[in-house]
Ligand code: GUN
């Protein structure tokens, strides 16, 4: 896949793929407004002062406005009780102007993110994290899918990856990413392995992968000899070091072995927001039948 005069992997341009998806969503929003006289709306709930979460939520709010959706920005203080937050989620569930609801994670200590996320009406679950959405995904039925794993599928499609029949290895088993990623790959007929902290021989398991997806949060953990020559490598990690932002993959070494690889930043990150916008439009359309 390398071009003449270059060595190593094709760099998967997440910013470009995300921009194309956002443009599609903007067109969909335009049609939605013409048909229904109002735009889809996304409500975000950011509890407390977590600086990284504030940056992510600001990005989501901005992206909404850019595609012509309404963004409702809820920022309750960090000492808000679980009952009060449940009340807010209930109000948003009942508000017809709100098509999608996102509770930004992690929540401050003492608040149960899983329980609160589970209160979101499944029809408005644009994060795809409620038990109903997770169950629909596990059963292979239609539903709203989690954003980051959906973004990874789009990136694989952007390089015409052969997913059906491929050995896909996902490092990480979180509810937010690893589990739904594995389910989406399975739905695409990949042979899927999920690795985690108790996996016995991580390098050897990764080295089987035609598609290797890392979501460990450990900077540059995935080394070149963990990667099968010609594999597609997707890096979901992002850690801020003094030297800058780095992913879970040793990019410079691995790019010499892989056929395609996502950079950090500019790979998976931009896809999460683009898929959130798509989910919000899909939710709005489904709510109006
Ligand atoms: N925190 C980090 N990523 C996400 C995400 O995709 N959704 C939510 N709700 N919180 C997050």
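If R0 equals 41 Å, the separation of the Cβ atoms of residue 79 and residue 196 corresponds to a calculated FRET efficiency of about 0.75. Quick note on region 1-80: its Rg to Rh ratio, both from C-alpha atoms and Rh being the Kirkwood radius, is 1.18.
All C-alpha pair distances within region 141-231, sorted into 5 Å bins from zero, spread as 3, 14, 26, 27, 20, 8, 2, 1 percent across the bins.
What shape does region 106-159 take by its C-alpha gyration tensor, where a ≥ b ≥ c are the square roots of the eigenvalues and a/c under 1.5 counts as rounded, a/b above b/c as prolate, and the rest as oblate? Cα axes put region 106-159 in the oblate bin. The value of relative contact order for the chain, using C-alpha pairs under 8 Å at least six residues apart, is 23 percent. Across region 186-253, Cα pairs under 8 Å and at least six residues apart give a relative contact order of 30 percent.
Shape class for region 191-243, computed from the alpha carbon gyration tensor (a ≥ b ≥ c): prolate, with a/c not under 1.5 and a/b above b/c.
Region 267-281 and region 219-259 have Cα centres lying 22 Å from one another.
Take each of the peptides 97-107, 144-154, average the number of other beta-carbon atoms within 10 Å over its residues, and list them starting from the highest.
Most protected by this proxy first, the peptides run 144-154, 97-107.
In plain terms, if you count all Cα to Cα distances in region 1-155 and split them into 5 Å steps from zero, the share in each step is 2, 8, 15, 18, 19, 15, 10, 6, 3, 2, 1, 0, 0 percent.
Given C-alpha coordinates of the chain, what is the ratio Rg to Rh with the Kirkwood estimate of Rh? Ratio of gyration radius to Kirkwood radius: 0.98.
Cβ-to-Cβ counts within 10 Å put 186, 42, 129 in ascending order as 186, 129, 42, the fewest first. Here each label is just a point 7 Å from Cα along the line to Cβ, and for residue 186 and residue 11 those points are 3.6 nm apart. Is the shape of region 138-187 best called rounded, prolate or oblate, per the rule: a/c under 1.5 gives rounded, else a/b larger than b/c gives prolate, else oblate, with a ≥ b ≥ c the square roots of the Cα gyration tensor eigenvalues? Judged from the Cα gyration tensor, region 138-187 comes out rounded (a/c under 1.5). Remark: relative contact order (region 23-68) = 50 percent; criterion is Cα-Cα distance under 8 angstrom and separation of 6 or more residues. Estimated at 0.36 nm per residue, the fully extended path between residue 95 and residue 223 surpasses their Cα-Cα distance by 41.2 nm. Extension gain, residue 242 to residue 23, is 75.4 nm, computed as 0.36 nm per intervening residue step minus the present C-alpha separation.
For the chain, adding -39500 (n - 2.57) for each run of n ≥ 4 DSSP H residues and dividing by the number of residues yields -12500 deg cm²/dmol at 222 nm.
Since every read-out is calculated from the coordinates, none of them should be taken as a lab result. Source: prediction; values computed, not measured. When we count neighbours, we look across all protein chains shown, and the Cβ atoms used for this are built from the backbone with ideal geometry, even at glycine.
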